[in-house]
Amino acid sequence: MKEQLESIRVKAMEALEDASTPAALEELRVKLLGKKGELTAVLKQMGKLSAEERPIMGQMANSVRAAIEEKLEERKETIHAAAMEARLAAETIDVTIPGESYCIGHQHPMNQVLQQIKDTFVGMGYEVYEAPEVELADYNFTRLNIEEGHPSRDRSDTFYFTDDDSVLLRTQTSPMQIRYMETHKPPICMLAPGRVFRKDEADATHSPMFHQIEGLVVAEDITMGDLKGALISILRKVYGESAATRFRPHHFPFTEPSCEMDMACHKCHGTGELDGQVCSTCHGEGWIEVLGAGMVHPKVLENCGIDPEKYSGFAFGMGLERMAMGQLKINDLRLIFDNDVRFLNQF
Ligand code: DAH
């Protein structure tokens with residue numbers, strides 16, 4: 001029995017030394033010390049021993065058990081420490097590796113200019129208004145006093161949705177005037193920026209989609225002086241106090257009288273010449289047209305149920321891309337829509 005116990009101890013020590021996982025240790029614990037374990041099996045034979053031998057063997061069995069338990073504990077700690085060390089090594093973070101850099105975007109240059117224009121008008125008391133891009137011909141043309149057969153209604157200029165030409169992609173932001181006047185009574189002070197669509201080939205100054213900003217003021221005693229005052233101040237705000245502007249007579253069906261407003265070319269500063277050559281930005285004109293405007297036609301007011309005897313107003317429509325190109329000194333319209341980051345990062 002002594003040999004048996006000694007052999008259990010020796011084998012247990014070896015097996016425990018070889019065990020390398022918590023699971024293997026647990027298996028050994030059951031095998032050695034469990035109810036059906038080797039040590040219990042030996043102890044069951046104690047009854048057969050003599051009275052003198054029994055306490056001696058009992059003591060020896062206890063010391064074998066104690067030795068196994070101690071070894072188990074020691075191995076448990078060692079295995080746990082090794083596992084911890086391996087985990088720490090695997091999860092090491094090198095705080096000196098440079099972080100992942102990411103780009104922070106910014107507003108598109110067109111939106112920057114739009115925001116500035118909107119802010120300025122809102123500061124003058126204008127309300128910003130939005131309306132659909134898919135529009136009725138009635139709003140886009142008829143109620144704006146643009147008669148049947150007018151060239152701008154032509155299918156070669158306008159994107160129509162229906163065979164009867166009654167639904168279209170708006171070709172201008174002016175129908176917003178009608179929509180606004182239908183739902184609001186004077187005094188009116190409205191600004192309506194938005195996308196417009198025309199069947200134009202894209203080149204340096206044209207695009208089938210571009211942006212306009214429509215303005216409308218209707219109240220009692222509104223005059224052409226109010227129109228000029230508002231428009232000159234907005235252009236000075238965007239282009240600086242020294243910006244040179246001029247008004248030219250023009251014709252629009254929905255205003256009477258009508259005019260166009262130009263600003264001095266930002267490239268040649270109004271001379272029409274650049275390094276002895278004709279300025280390519282203004283084609284030698286020295287001026288760039290930025291908007292159309294005029295006093296709202298009495299028929300348009302009537303079409304919206306507003307009494308032209310009592311009220312008068314002015315309206316204007318400016319090209320946002322034109323304004324942005326002038327302010328940011330961009331010479332090709334297509335750059336604005338290409339969205340090449342090398343271009344956009346410059347603003
Ligand atoms: N809608 C015109 C265009 O697209 C621009 C315009 C001219 C708007 C005169 C107006 C205006 O409100 O009064 O060419």
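The values are calculated or read from the model by the stated rules, or taken from the named source; none is laboratory data. Bear in mind the structure is a predicted one, so any value in this text is a computation, not a measurement. Note: ideal-geometry Cβ built from the backbone for every residue, glycine included; neighbour counts use all protein chains shown. These accessible areas exclude ligands, DNA and RNA; they are computed on the full protein's heavy atoms, side chains included. Shrake-Rupley method; radii C 1.70, N 1.55, O 1.52, S 1.80 Å.
Left without a cysteine partner by the 4.7 Å Cβ rule in the chain: C103, C189, C259, C304. Were the residues from D165 through F247 laid out at 0.36 nm apart, the gain over their Cα-Cα distance would be 26.1 nm. Placing dummy labels 7 Å off each Cα toward the beta-carbon, the span from E74 to E220 is 10.8 nm. Taking the Cα centre of the stretch 212-291 as the origin and placing charges on Cβ (Lys, Arg +1; Asp, Glu -1), which of S233, L274, A264 is farthest toward the positive end of the dipole? The one lying farthest along the dipole's positive direction is L274. Dipole of the stretch 43-131 computed with +1 at Lys/Arg Cβ and -1 at Asp/Glu Cβ about the Cα centre; of A67, P55, Y126, farthest Cα towards the positive end is P55. For the pair the stretch 196-212 / the stretch 304-326, the C-alpha centres are spaced 20 Å from each other. For the set K228/K329; K237/K329; K11/K48; K237/K267, the pairs lying more than 21 angstrom apart at their alpha carbons are K228/K329; K11/K48.
Please give the Cα centre distance for the stretch 114-180 versus the stretch 219-292, rounded to the nearest Å. After rounding, the separation between the Cα centres reads 22 Å.
Helix content alone sets the calculated 222 nm mean residue ellipticity of the chain: runs of n ≥ 4 DSSP H residues at -39500 (n - 2.57) each, divided across all residues, give -12500 deg cm²/dmol.
Pairs of Cα atoms nearer than 8 Å and 6+ residues apart set the relative contact order; for the chain it is 14 percent. Taking every protein chain into account, the 1.4 Å probe leaves D94 with about 80 Å² of accessible area, to the nearest ten.
Among the protein heavy atoms of the stretch 231-347, carbon and sulfur supply 48% of the accessible surface, probe 1.4 Å, non-protein parts ignored.
Are there GluC sites (Glu not before Pro) in the stretch 82-172 that DSSP marks as loop and that have at most 16 other Cβ atoms within 10 Å, and which are they? Each step should come with its number before you reach the end.
On the way: sites: E85, E91, E100, E127, E130, E133, E135, E147, E148; in loops: E91, E100, E130, E133, E147, E148.
Answer by residue number: E91, E100, E130, E133, E147, E148.
A simple spin-label model places pseudo-atoms 7 Å from Cα toward Cβ; at M84 and Q4 they are separated by 4.0 nm.
For GluC sites (Glu not before Pro), the sites in the stretch 150-237 that DSSP calls loop and that have at most 13 other Cβ atoms within 10 Å are E201, E220.
The string of couplings for the stretch 201-216 from the Karplus curve (6.51, -1.76, 1.60, θ = phi - 60°) is 5, 6, 9, 4, 10, 10, 8, x, 10, 8, 10, 10, 10, 9, x, 8 Hz, one whole number per residue in order, with x for Gly and Pro. Whole-Hz Karplus values for the stretch 85-101 come out as 4, 5, 5, 4, 5, 5, 9, 4, 10, 8, 6, 8, 5, x, x, 6, 8 Hz, taken residue by residue from phi with 6.51 cos²θ - 1.76 cosθ + 1.60 and θ = phi - 60°; glycine and proline positions read x.
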